[in-house]
Amino acid sequence: MRRDLPTSRSLRVARRFEAPAPRAFDAWLDPALARHWLFATAGRPLSHVEIDARIDGRFRLVERRDEGVVVHAGRYVEIARPRRLAFALDGEASTGATTFVSVDVVALDAGCRVVVTHDGVLRERVADVKGRWEGMLFGLATVLAAAGVAASSRAAEPPRAPRVATLVHGGTSCNTY
């Protein structure tokens with residue numbers, strides 16, 4: 001359930017990538033890639049990733065910090081590969097507010113442009129959240145560049161993300177519905 005707070009704002013962050021749009025899109029739904037950049041840091045990949053990549057499917061990303069464990073969880077509301085992804089991000093315990101994130105992937109002649117729009121961010125958190133998204137898109141660029149080297153030796157068609165997948169400490173378990 002969405003609770004709009006009178007102090008909430010929208011923010012937008014964009015970045016250009018050398019990777020083709022399908023590869024950039026799939027990185028949002030592939031647990032093996034997402035663990036290295038989505039809510040992760042360069043020096044600290046996520047310790048647990050669950051992604052059920054379908055409409056109304058849930059995700060759960062566990063980040064271990066010095067001060068404890070942080071869980072990023074939510075539900076997918078739109079998946080239109082390779083153009084658009086949208087999800088509801090479960091709120092922090094302090095506010096209980098759900099925020100909404102949309103990811104638009106625009107194919108370019110060479111590569112793509114990813115635009116992240118995050119609605120419902122508390123006014124006092126906008127700068128921090130924007131900086132976090134900028135850092136995550138930087139991480140995505142790094143992951144895509146590394147994956148591009150590996151992908152160049154495989155078929156030109158990027159792999160499709162599994163519908164349901166879990167990655168825990170480097171081990172992968174996949175189930176398809």
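From the list Arg60, Arg75, Arg64, the one residue that fits, being surrounded by fewer than 19 Cβ atoms within 10 Å (Cβ to Cβ), part of a strand (DSSP E or B) and in contact with a Ser or Thr (Cβ under 7 Å, 6 or more places away or on another chain), is Arg64. Between a first residue in the range 122-140 that is in contact (Cβ under 8 Å) with a residue 12 or more places away in the chain and under 22 Å from Val105 (Cα atoms) and a second residue that is part of a helix (DSSP H, G or I) and hydrophobic (A, V, I, L, M, F, W, C), which pairs have beta carbons less than 9 Å apart while being 6 or more apart in sequence or on different chains? Listed pairs, sorted by first residue: Leu140/Ala24; Leu140/Leu33. For the range 3-44, taking the residues that are of a type in the set (Val, Ile, Thr) and in a strand (DSSP E or B), the one that is nearest to Gly131 (Cα to Cα) is identified as Val13. In this structure, does Arg81 turn out to be in contact with a helix residue (DSSP H, G or I) (Cβ under 6 Å, 6 or more places away or on another chain) and at pLDDT below 95? No; evaluated as a whole, the condition is false for this residue. Can you find a residue in the range 120-129 that is small (Gly, Ala, Ser) and either modelled with pLDDT of 50 or more or touching a Gly at 6+ places or on another chain (Cβ under 7 Å) (or both)? Yes, the range 120-129 contains at least one residue that is small (Gly, Ala, Ser) and either modelled with pLDDT of 50 or more or touching a Gly at 6+ places or on another chain (Cβ under 7 Å) (or both).
Applying the condition of being at pLDDT 95 or above, surrounded by fewer than 21 Cβ atoms within 10 Å (Cβ to Cβ) and not small (Gly, Ala, Ser) to the range 1-17 and asking which residue is farthest from Arg75 (Cα to Cα) yields Arg16. Every test in (1) farther than 19 Å from Asp119 by Cα; (2) part of a strand (DSSP E or B); (3) not polar (S, T, N, Q) is passed by Arg54 save one, and that test is (2).
Set side by side, the residues Val49, Val115 differ, and just one is β-branched (Val, Ile, Thr), surrounded by fewer than 19 Cβ atoms within 10 Å (Cβ to Cβ) and assigned to a strand (DSSP E or B), which is Val115. Considering (1) under 23 Å from Glu124 (Cβ atoms); (2) modelled with pLDDT of 90 or more; (3) surrounded by fewer than 17 Cβ atoms within 10 Å (Cβ to Cβ), the lone condition that Arg54 does not fulfil carries the number (1). Does the range 21-43 include one or more residues that are within 24 Å of Ala97 (Cβ to Cβ), among the aliphatic types (A, V, I, L, M) and surrounded by fewer than 15 Cβ atoms within 10 Å (Cβ to Cβ)? No - not one qualifying residue is present in the range 21-43.
Of all residues assigned to the range 18-25, at least one qualifies as being under 26 Å from Gly120 (Cβ atoms) and modelled with pLDDT of 95 or more.
The values are calculated or read from the model by the stated rules, or taken from the named source; none is laboratory data. Every value quoted in this text rests on a predicted model; they were computed, and no experiment measured them. Cβ: placed from backbone, ideal geometry, glycine included. Neighbour counts: every protein chain shown.
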